[in-house]
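The values are calculated or read from the model by the stated rules, or taken from the named source; none is laboratory data. Quick caveat, the model's predicted, so the values are computed rather than measured. Because the Cβ atoms are built from the backbone with ideal geometry, glycine has one as well, and the counts that use them run over all protein chains shown. Side chains included, ligands, DNA and RNA excluded: accessible areas come from the protein's heavy atoms. Shrake-Rupley method; radii C 1.70, N 1.55, O 1.52, S 1.80 Å.
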Amino acid sequence: MPARGSSLHERVRRGAKLLAEQVLPESMVVWRGREGRSKPLTALRGVVFGGAAKVASAGRVALTFDDGPTSLTPAYLDILAQLDVRATFFLVGKLCERHPELVAAIAARGHQLAGHGYTHRRFTALSQAELADELERTRRLLPPGDGLVELVRPPFGAVSLTALAACRRHGFTAVLWSLNSGDWRSHDAGQIERNMAEQAAAPGEIVLLHEGQSWTMKALPAIVGGLRQAGHELVTVGELLA
């Protein structure tokens, strides 16, 4: 059982995140789709003082994959095709430069592509000029967007108001996540499946997953099956935000 102090720290962290979701404009940063945005006072009261467990209802959910493209990208694409799922891939610019054929393959399968930084450095550690360079270099390596919204995922989810404002000035909406699969923490597919099942995805969730990991691929059929059994429709982030 976690210590009381760590539990309080987690509640404060979650409360701050919920408050940021309500205060910051969706054009700047999103954690989930509009259908999943909670009323601020109700959500904050539940986090700070406790409350009933979340009861999931059916809606739209977006799967996202970070850190590609990699040598496993074709296998990811094959599994997603077998599952009839389109997802959003947040790609690292320098890897796109090395493997343009994989970028083209992702697009050809009907998935959404967006940037994840050129060097995968934390946006909060970059100067304004460096961040602008990361955004623009990666943008030039990706195919034109679908016209819905231009997205970027800050590496490690590290953000600040300064970094978010810079992304917005360059025409990007920063995309974080509301449901963490934990696939970066555990190399056990069964554990990732349990992580997802225990969190009871709600409408509007943006799910964090990663490329280049055999255990994530192994968990995908169970993850997708669980979401569909709960009645969710799997869409891209762009569709979720449209």
How many of the residues making up segment 132-171 are open to solvent by 10 Å² or more (accessible area, probe 1.4 Å) and not in a helix (DSSP H, G or I)? 14
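Residue by residue, here is whether (1) surrounded by 14 or more Cβ atoms within 10 Å (Cβ to Cβ); (2) touching a strand residue (DSSP E or B) at 6+ places or on another chain (Cβ under 9 Å); (3) touching a residue at least 40 places away in the same chain (Cβ under 8 Å); (4) more than 16 Å from Q213 (Cα to Cα) holds:
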| position | (1), (2), (3), (4) |
| --- | --- |
| R86 | yes, yes, yes, yes |
| V103 | yes, yes, yes, yes |
| A107 | yes, yes, no, yes |
| H111 | yes, yes, yes, yes |
| G117 | yes, yes, no, yes |
| T124 | yes, no, no, yes |
| S127 | no, no, no, yes |
Going through segment 181-201 one residue at a time, which ones are in a loop (DSSP other than H, G, I, E, B) and crowded, with 20+ Cβ neighbours inside 10 Å? S181, D183, A201
Residue by residue through segment 78-123, note down the ones that are of a type outside the set (D, E, K, R) and more than 16 Å from L142 (Cβ to Cβ). I79, L80, A81, Q82, L83, V85, F123
Looking at segment 168-189, I want the residues that are closer than 27 Å to S214 by Cα and touching a residue at least 24 places away in the same chain (Cβ under 8 Å) and have a partner that is open to solvent by 50 Å² or more (accessible area, probe 1.4 Å) and assigned to a loop (DSSP other than H, G, I, E, B) with Cβ atoms under 6 Å, at least 6 apart or on another chain. Which pairs are those? L179/Q199
Could you list, in sequence order, all residues of segment 204-223 that are surrounded by 21 or more Cβ atoms within 10 Å (Cβ to Cβ) and touching a helix residue (DSSP H, G or I) at 6+ places or on another chain (Cβ under 7 Å)? G204, E205, I206, L209, E211, T216, A219, L220, I223
